[in-house]
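A short reminder: the numbers here are calculations on the coordinates, not readings from a lab. Source: prediction; values computed, not measured. For neighbour counting, all protein chains shown are included, and Cβ atoms are generated from backbone atoms with ideal geometry for every residue, glycine included.
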Amino acid sequence: MSRVSPSPDNLVTIDLDAVAANYAALAEILPPEQGLAGVVKADAYGHGMVPVARRLKQAGAEALSVAQVDEGALLRRHGITGPILVMMGLGPGQAARAVKHQLTPMLTSLEDFSRLSRAAGELGRTAACQLKVDTGMHRLGVAADQAMPLLLEAAELPGLEINGLVSHLACAGELDHPHARRQTKVYATLLGEARLRGFELPLSSLAGSGGILAPPWGLPGGPGLVRPGITLYGGLPHPSSEGRVELSGAMRFTSRLAAVRPAAAGACVSYGCTWKPPEDTMLGVVAAGYSDGYPRSASNRAEMLINGQSAPVRGRVCMNLTVVELKGFDPLPRVGDEVVLLGRQGESEITIDQLAQWADTIPYEITCSLGAANRRRFSGS
Ligand SMILES: *Cc1c(COP(=O)(O)O)cnc(C)c1O
């Protein structure tokens, strides 16, 4: 949670209907036997975990994915039902909590499976869980050649229902990446072998947004899930996947003009005087900066929308303020006018992918930062 006092000038608006529309667009391009486990970790990438999870369930999502046990517990407290995959598995002392809230942690060692089995025994329940295998990203997961022995050992433990084999792709966003192809092959071979040995593993999953949008190598066959995150919010995992599916941005970020003022040719604008007007001009001072989650790396690169027209950021983004140029605006905007830093205003739109490109980062980071730092309102049913 942000410890910064949110500015009254700034507002993040979340369009839950856009999330539902993106869900439907993804479901449309998936094989019918693949369900969706919408990824709502990190407060749904800044969009609000509980409202987004509710809307996704309402739209028909088979499952949800979170990073941590606490996030899953929070969803349960808000009445969310159905499978909740915990992608980072069990933290210390969290096995009982995972069982109690009927979460489905992704596990990577016999020790994890044993902890969960003991907790299930103590609570007199059966605990769902999944085996996470490292197919070539070197982050979490048991080594591929150890996966089958671990699955066989874990299957002997009492009180466990191992319902999926899962892995994660390192380069899925880029179209037809050879590393994604290699990882998919390792994964599909393992899953095929496990199923031949009689493990059904119906909630198995490999693909996030990248794997869904860029799968010339084909998703592994049979029942399973995909784990899309960024595409549900209207962003792309990589610019090369543009045009594969129609998505709408779910987050809008608005601020206000705090000042409108002239600047003479050659004047110093903002910290470091990194921009000087080539001729006399008008400037607008926007009441949002990097403490509001607006990226400083967008200095001298981004644009904002005022009265439906684009205004370039001039000079460095400050902590609470950013200067834009109002050259050519007629009528001239006034103090208090709405400024759109992300999303639509009239016919114009600044997408998360566009803002991320200006800021030399990825859309994920943009929405996480904006969502955490600002007041937030929800629209849509
Ligand atoms: C965050 C995450 C996802 C979702 O990725 P997107 O690119 O946002 O679709 C899927 N799987 C795992 C393991 C993740 O950590």
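Here r is the Cβ-Cβ distance between Glu161 and Arg181 and R0 is 25 Å; the resulting FRET efficiency, rounded to 0.05, is 0.20. Using a simple spin-label model with pseudo-atoms 7 Å out from Cα toward Cβ, Arg244 and Thr361 lie 2.4 nm apart.
3J(HN,Hα) along the range 284-300, derived from phi through the Karplus expression 6.51 cos²θ - 1.76 cosθ + 1.60 where θ = phi - 60°, amounts to x, 10, 8, 7, 9, x, 5, 6, 8, x, 7, x, 5, 5, 7, 3, 6 Hz, with x in place of Gly and Pro. Between His138 and Asn300, the modelled labels are 3.6 nm apart [label points 7 Å from Cα along Cα→Cβ].
Treating r as the C-beta distance of Ala259 and Val50 and R0 as 30 Å, the FRET efficiency rounds to 0.20. Packing, taken as the mean count of other beta carbons within 10 Å per residue, orders the peptides 350-362, 124-136, 145-157, 223-235 from highest to lowest as 223-235, 124-136, 350-362, 145-157. Left without a cysteine partner by the 4.7 Å Cβ rule in the chain: Cys129, Cys171, Cys318, Cys368. Between Arg344 and Thr189, the FRET efficiency from the beta-carbon distance, with R0 = 41 Å, is close to 0.35. What residue among Glu246, Glu347, Glu174 shows peak mean-square fluctuation when the chain is described by a Gaussian network model with Cα springs under 10 Å? It is Glu347. Taken one residue at a time, the phi angles of the range 332-342 give Karplus couplings (6.51, -1.76, 1.60, θ = phi - 60°) of 5, x, 10, 3, x, 5, 5, 10, 9, 9, 8 Hz. Gly and Pro are set to x. So for the chain, if I pair up every lysine 8 or more residues apart or on another chain, how many of those pairs have alpha-carbons under 29 Å apart? For the chain, qualifying lysine pairs total 9.
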